[in-house]
Amino acid sequence: MKTPHKDTDSSSIQSKIENISKELNKELGNTSNSEAISNLKNKYLGRKGSIQSVLKLLPDIEIDDRKKYGKVLNELKTNAENLFENKQKEINKNSKNNSKKNNADLSLPGYPVKFANSHPLTQIKDKIISIFESLGFQIALGPEIETDYYNFEALNIPKDHPARDLQDTFYIKNEFNTYGNNLKVLLRTHTSPVQVRIMEKVKPPIRIIVPGRVYRNEAVDSTHSAVFHQIEGLAVDANVTFADLKATLECFAKRFFGETISVRFRPSYFPFTEPSAEMDIGCVFCSGKGCSICKKSGWLEALGCGMVNPRVFDYVKFDREKYTGFAFGIGIERLAMLKFKVNDMRLFYENDLRFLRQF
Ligand code: PHE
């Protein structure tokens, strides 16, 4: 019969087992990463681990106790294995959640998006076009490089007219057609040549507007530019009258500047319209009271217009007894300056974002 060793009586085995179980639970509770778990696993379940060291004591005790504690220790082992496995699962789950959080916080507001805006001149052009479209006008376009014929001759601009002056017109070159006629190629000085080009192709009724770039050999200042933009208008049909012209342009002015705008028509002269007029609007700066901008008149010049000169109909072979028409030419820069109260045209071309962002 073996003499029970000090360490190997059953009560000390019992307390060893209780301690292991207590310690294991405590230490496992403080673990938060896989590395610490695998160290603990080694400490308790390893070949030299604490459970193993108690198992080694079993041969030294009573046979009945040996059976009892053998079973208890085996249960402790399986229990410990399960605890480690569950803890590892818990850690894996947390690290997955954490990595999700770190990569993207879906509740954060997005980066602000700066929306691009149309250039103020484009905004004005689009607005003018949409008003005339609502009145039944269609868009037509023509070339910026024109011939003397379309820019001047067919518009009844006589050979000695100042508009043909070298000072006003950019001539490109003298070009001759197959008949040897001088075509005189130039940069169009207005959008009116498109009137002729359309009437050559289309029979009345005609209602068109022609937006486009025009060129004049002029010194640049706060109200002049060598390159600027116009919108031409043309309406031709039987029985078109000056009353139609006035009603159309007055309607346009009200929709463009607002219902309260006042307009007036002043006699003027253009070779391709007869009679011709200029439409003024009540000064938008002083509401017609008179200021330095309207030169104390209370009125600002807005556009040129008139009834199509029958001589132009002769060029495009329209029956001048059957048809009448009106035409108008709007300066886009001019209307933009009036609408936005900008006093220097050059601002529209400099593309300074601090200016452009205001529109
Ligand atoms: N073409 C003229 C200009 O550029 C404007 C205009 C167009 C006048 C149509 C009357 C009719 O000044």
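Values in this text are rule-based calculations from the coordinates and carry no lab data. Just so it is clear, the structure is predicted and the values come from calculations on it, not from any experiment. Glycine gets a Cβ as well: all are built from the backbone with ideal geometry, and neighbour counts include every protein chain shown.
How far, in degrees from 0 to 90, does helix 120-134 lean away from the longest principal axis of the Cα atoms of the chain, to the nearest 10?
70
How far is helix 242-257 tilted, in degrees, relative to the longest principal axis of the Cα atoms in the chain, given as a value from 0 to 90 rounded to the nearest 10?
So the helix axis and the longest Cα principal axis differ by about 30 degrees.
How large is the convex hull of the C-alpha atoms of the stretch 10-103 per residue, in Å³?
So the per-residue hull volume is 73 Å³.
Using amide H atoms built in the peptide plane, which far-off residues or other-chain residues are under 5 Å from ILE172 H to H?
Counting only residues 5 or more places away or on other chains, the set is VAL185, LEU186, LEU187.
In deg cm²/dmol, rounded to 500, what helix-only [θ] at 222 nm does the chain give when every DSSP H run of at least 4 residues adds -39500 (n - 2.57) and the total is split over its residues?
Calculated mean residue ellipticity at 222 nm is -13000 deg cm²/dmol.
Restricting things to alpha carbons, tell me how big the chain is in terms of Rg and Dmax, in Å.
Answer for the chain, Rg first and Dmax second: 46.8, 145 Å.
Which ³J(HN,Hα) values in Hz, rounded to whole numbers, follow from the phi angles of the stretch 13-28 under the Karplus curve 6.51 cos²θ - 1.76 cosθ + 1.60, where θ = phi - 60° and Gly and Pro get x?
Values, residue by residue: 5, 4, 5, 4, 4, 4, 4, 4, 4, 5, 4, 4, 4, 5, 5, 5 Hz.
Taking θ as phi - 60°, what are the ³J(HN,Hα) couplings along the stretch 187-195 by the Karplus curve (6.51, -1.76, 1.60), each to the nearest whole Hz, with x for Gly and Pro?
Computed from phi, the couplings for the stretch 187-195 are 8, 4, 8, 7, 8, 4, x, 5, 3 Hz.
If amide hydrogens are placed 1.01 Å from N in the peptide plane, which non-local residues have theirs closer than 5 Å to the one on ALA302?
Residues meeting the criterion, in which the H sits 1.01 Å from N, are MET279, ASP280, ILE281.
Among 119-130, 28-39, what's the highest-first ranking by average C-beta atoms within 10 angstrom per residue?
Going by the mean number of other Cβ atoms within 10 Å, highest first, we get 119-130, 28-39.
Using only Cα atoms, tell me the angle between helix 34-45 and the longest principal axis of the chain; keep it within 0 to 90° and round to the nearest 10.
Between the helix axis and the principal axis of the chain, the angle is about 10 degrees.
Using Cα centres only, tell me the gap between the stretch 48-65 and the stretch 255-279 in whole Å.
115
Return the inverse of the average 1/r over all pairs of distinct C-alpha atoms in the stretch 129-174, which is the Kirkwood hydrodynamic radius, in Å to one decimal.
For the stretch 129-174, the Kirkwood estimate is 13.0 Å.
Please list, in chain and number order, the residues 5+ apart from VAL308 or on another chain whose amide H is under 5 Å from its amide H, with Hs placed from the backbone.
Residues meeting the amide H criterion: GLU274, GLY325, PHE326, ALA327.
Over 28 Å between Cα atoms: which of LYS173/LYS203; LYS26/LYS71; LYS22/LYS48; LYS159/LYS341; LYS159/LYS296; LYS22/LYS67 fall into that group? Provide the component values of the computation, followed by the final result.
Details: LYS173/LYS203 32 Å; LYS26/LYS71 23 Å; LYS22/LYS48 19 Å; LYS159/LYS341 38 Å; LYS159/LYS296 37 Å; LYS22/LYS67 22 Å.
Pairs exceeding 28 Å: LYS173/LYS203; LYS159/LYS341; LYS159/LYS296.
At a 10 angstrom cut-off on C-beta neighbours, averaged per residue, how do the peptides 306-316, 348-358 rank from highest to lowest? Don't skip to the end; give the middle numbers.
On the way: 306-316: 19.3, 348-358: 11.4.
Top of the packing list down: 306-316, 348-358.
Beyond 19 Å, what share of the Cα-Cα pairs of the stretch 136-256 is found? Please give it as a whole percent.
Tail fraction, whole percent: 55.
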